[in-house]
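Bear in mind that the values in this text are calculations on the coordinates, not laboratory data. These numbers come from a predicted model, not from an experiment. Neighbour counts run over all protein chains shown; Cβ positions are idealised from the backbone, glycine included.
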Amino acid sequence: MPSEFESSQDRLRRRNMAESSEIGLESKETKEDKEAKKMAARERAEIVSREVKTTKQQIQNIVANMAAVVKAVAAIRAQLKMSDEDKDIPSVKQDAKILAALKKKLDGLYGEIKDLKAALLIEERRDVEAEHGDWSAEEIAREAERRAEEILIKLDIKDIGY
């Protein structure tokens, strides 16, 4: 029969093991949460990047269309020997409104990319600091910037114009 001391030691050992495994699980969960947040931020950056590219393409198409319409209207007016007093072309006016809205949307997307880049940089800084706690703040910042730029290049939004 074990002594009271041995029983007490055995209980403490089991409790410590249980607490240790709980801490390990909590640590694993927070690491998984961080990874999930990182992936979500990357996915959002990809979506915003695609929206920027699509919006830029729409702007280019509308500008080209506007130029073609203005040129066609000028040619028709020349053939009909009409004056250029009434230069307002309804479809060009409408395209100009759409163009203004797309430019506004693009500005918003650029701002969002800038914010996502800042958040990414903060997360990378935390990761680098956790991995290399003995590094100077300057080294940590450089490595975090390098990692963030690498991610942005992979997402094809490094030089998107923000």
Calculate, in nm to one decimal, what R44 and R11 gain on full extension: separation in residues at 0.36 nm each, minus their alpha carbon distance.
7.0 nm
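Using the per-residue mean of other Cβ atoms lying within 10 Å as a proxy for protection, in what order, highest first, do the peptides 148-155, 95-102 fall?
Values: 148-155: 16.1, 95-102: 14.0.
Those peptides, ordered most packed to least, come out 148-155, 95-102.
Which value, in debye to the nearest 20, describes the size of the charge dipole of the range 26-154 about its Cα centre when Lys and Arg Cβ atoms bear +1, Asp and Glu Cβ atoms bear -1, and nothing else is charged?
On the way: 27 positive and 28 negative charges, 225 e Å.
In total the dipole reaches around 1080 debye.
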